[in-house]
1. For the range 54-82, name all the residues that are touching a Gly at 6+ places or on another chain (Cβ under 9 Å), part of a loop (DSSP other than H, G, I, E, B) and either over 19 Å from Ser116 (Cα atoms) or open to solvent by 60 Å² or more (accessible area, probe 1.4 Å) (or both).
2. From Phe37, Phe9, Phe19, which residue is open to solvent by less than 70 Å² (accessible area, probe 1.4 Å), free of Cβ contacts under 8 Å to residues at least 40 places away in the same chain and closer than 21 Å to Ile74 by Cβ?
3. Going residue by residue through the range 147-168, is there one that turns out to be more than 25 Å from Val14 (Cβ to Cβ), surrounded by 22 or more Cβ atoms within 10 Å (Cβ to Cβ) and not aromatic (Phe, Trp, Tyr)?
4. Going by what's in this entry, would Arg90 be described as in contact (Cβ under 8 Å) with a residue 40 or more places away in the chain, surrounded by fewer than 20 Cβ atoms within 10 Å (Cβ to Cβ) and in a helix (DSSP H, G or I)?
5. Consider Asp20 carefully, then state whether it is over 29 Å from Ile239 (Cβ atoms), among the acidic types (Asp, Glu) and assigned to a loop (DSSP other than H, G, I, E, B).
6. So which helices (runs of 4 or more DSSP H) stay within the range 103-201 end to end and still have 3 or more residues that are out of contact with any Lys or Arg (no Cβ under 9 Å at 6 or more places or on another chain) and not hydroxyl-bearing (Ser, Thr, Tyr)?
7. Take the range 325-341 and flag every residue that is outside any loop (DSSP other than H, G, I, E, B) and either within 21 Å of Ala456 (Cβ to Cβ) or open to solvent by less than 20 Å² (accessible area, probe 1.4 Å) (or both).
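The values are calculated or read from the model by the stated rules, or taken from the named source; none is laboratory data. As the structure is a prediction and not an experimental result, all values here were calculated from the model. With ideal geometry, Cβ positions are generated from the backbone for all residues, glycine too; neighbour counts draw on all protein chains shown. Note: accessible area is taken over every heavy atom of the protein model, side chains too, but ligands, DNA and RNA are not part of it. Shrake-Rupley method; radii C 1.70, N 1.55, O 1.52, S 1.80 Å.
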Amino acid sequence: MGRGIAQIFAQAGVTVRLFDAHAPALNSAMQSLAAVFALLQEKGRLTEAQAQAAAARIVPAASLEAFSDCDLVIEAIVERLDAKRELLGRLDDVLAPEAVIASNTSSLSITAIAASSRHPERVAGYHFFNPVPLMRIVEVIGGPKTSPDILERLSALAKLAGHQPVRAEDTPGFIVNHAGRGFGTEALRILGEGVTDPATVDRIMREQVGINGSGFKLGPFELMDLTGLDVSHPVMESIYRQYYEEPRFRPSVIAAQRTVAGLHGRKRGEGWYRHVDGKQQNPAETPAPAAGTLPPLWIAPGTHRDAVAQCAAQLGAQIETGPAPGNEALVILTPLGHDATHACQDWPAERAVALDTFFAFGKGACQRRVLMTTPATRSDYRDAAHALFASDGVRVSVIRDSAGFVAPRILAMIVAIGCEIAQQRIASPVDIDTAVRLGLGYPAGPLALGDALGPARLTRLLDEIHDITGDPRYRPSPWLRRRAKLGLSLLHAD
């Protein structure tokens with residue numbers, strides 16, 4: 001990351017001195033940067049003069065003493081508090097008192113790092129994302145003693161380099177790594193409950209979710225394989241511990257075991273998926289059962305009863321309209337946050353299948369539908385529902401009983417954590433959404449996502465999941481509950 005940071009500032013016209021305690025690493029960085037500028041020239045993104053000037057602005061430093069006249073030093077060393085604190089102590093002996101020290105830490109406390117300096121007011125966080133030249137976002141973090149003027153200067157410098165600064169208070173995970181806990185940890189929770197397998201979770205998140213015409217490019221397990229479980233799991237554990245075991249951030253024992261086993265993802269050739277020559281090997285999806293003679297459908301009362309009846313009729317189903325299901329009817333449930341078992345009430349569970357209606361499910365309106373069985377659902381009724389809802393060519397995932405299905409509970413957790421970040425005033429609502437959208441590549445920031453899905457509906461969803469599981473991780477943030485009650489946008493600041 002140090003190379004990337006040096007590159008963007010050199011291209012922006014800033015003279016950069018580059019140092020590494022390991023001399024071969026410094027030589028490698030210099031060669032790599034020269035090759036990068038040459039490649040940018042070859043692709044026409046820099047002129048020959050610009051490439052040569054940028055390369056000339058990066059000067060190798062033989063020792064820390066070479067930084068004595070620098071205005072700003074950015075450390076991007078190993079992610080260990082003891083190492084960073086030792087370095088700051090050495091820099092105090094070299095730099096002028098007014099020089100700024102910025103840490104590129106992704107998860108360590110800026111306050112704890114600054115405590116080792118004789119001038120903690122000059123220490124701030126400056127968290128870039130990898131690869132730095134492409135990820136045009138940087139978190140600017142101040143500790144309790146950081147001078148506000150330094151944060152302004154760092155933000156201005158980021159803009160000069162073409163990056164979008166977002167301001168955050170010094171809290172575990174800052175904005176992006178904090179907000180990102182909902183996506184992976186909830187997917188792992190679903191896996192830990194035996195609801196379905198990683199590939200199915202990924203297919204659902206990529207193909208069922210639609211937010212203003214956009215979705216997720218990668219599912220949570222694909223993302224963990226890309227970043228490496230050896231990287232993502234320690235971050236999960238670190239944030240969980242730093243927040244004094246806050247249930248929202250609870251890591252997974254499955255991920256811990258797979259990390260120890262070396263199943264880190266693409267770089268190891270095996271993670272949640274196998275990877276051959278860097279390419280993910282996707283397991284084949286179970287085809288829909290052959291559609292034989294289908295039983296009649298009876299649709300349980302609910303918000304989407306008429307829409308489900310219309311969709312099923314268009315797919316060729318015979319719809320029963322009586323007050324209770326007939327003796328042979330397939331019972332279709334449409335719960336929001338409750339599981340199929342609780343949604344079944346007094347209707348025959350052995351003939352019940354739930355349909356996820358959180359996103360579009362109508363004919364011609366979706367890529368994937370999700371069905372959910374009760375523990376008592378007979379296989380012939382499960383297969384009949386699968387065959388019916390796949391009869392128009394739409395892909396169908398069938399999962400075991402789960403409070404909140406798959407996509408709704410993952411998205412609700414993303415929104416709940418984003419709202420809690422806003423509630424704690426860690427960052428402004430706009431900066432929260434900007435950081436997550438640019439840093440994680442979500443189709444929308446968590447607060448805009450919540451607005452699109454409906455704050456009142458998400459509050460009810462979380463309440464119902466909490467009612468079924470009893471797990472405090474699903475409690476709605478006051479930020480979400482109050483804005484849902486008042487009909488305000490989740491981006492509304494107070």
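1. First pass over the range 54-82, keeping only residues touching a Gly at 6+ places or on another chain (Cβ under 9 Å): 54, 57, 74-77.
Filter again for part of a loop (DSSP other than H, G, I, E, B), leaving 76-77.
Listed by number, the list holds a single entry, Ile77.
2. The unique qualifying residue is Phe37.
3. The answer is no, given that none of the residues of the range 147-168 is more than 25 Å from Val14 (Cβ to Cβ), surrounded by 22 or more Cβ atoms within 10 Å (Cβ to Cβ) and not aromatic (Phe, Trp, Tyr).
4. Values: in contact (Cβ under 8 Å) with a residue 40 or more places away in the chain: no; surrounded by fewer than 20 Cβ atoms within 10 Å (Cβ to Cβ): yes; in a helix (DSSP H, G or I): yes.
In short, no.
5. On the way: over 29 Å from Ile239 (Cβ atoms): no; among the acidic types (Asp, Glu): yes; assigned to a loop (DSSP other than H, G, I, E, B): yes.
Taking the combined requirement at face value, the residue does not satisfy it.
6. Hits in the range 103-201: 148-160, 176-179, 181-192.
7. Correct list: Leu330, Val331, Ile332, Leu333, Ala340.
Rundown of residues vs (1) within 18 Å of Pro335 (Cα to Cα); (2) open to solvent by 10 Å² or more (accessible area, probe 1.4 Å), yes/no style:
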| residue | (1), (2) |
| --- | --- |
| Phe405 | yes, no |
| Ile410 | yes, no |
| Ile414 | no, no |
| Cys419 | no, no |
| Gln424 | no, yes |
| Asp431 | no, yes |
| Gly441 | no, yes |
| Ala448 | no, yes |
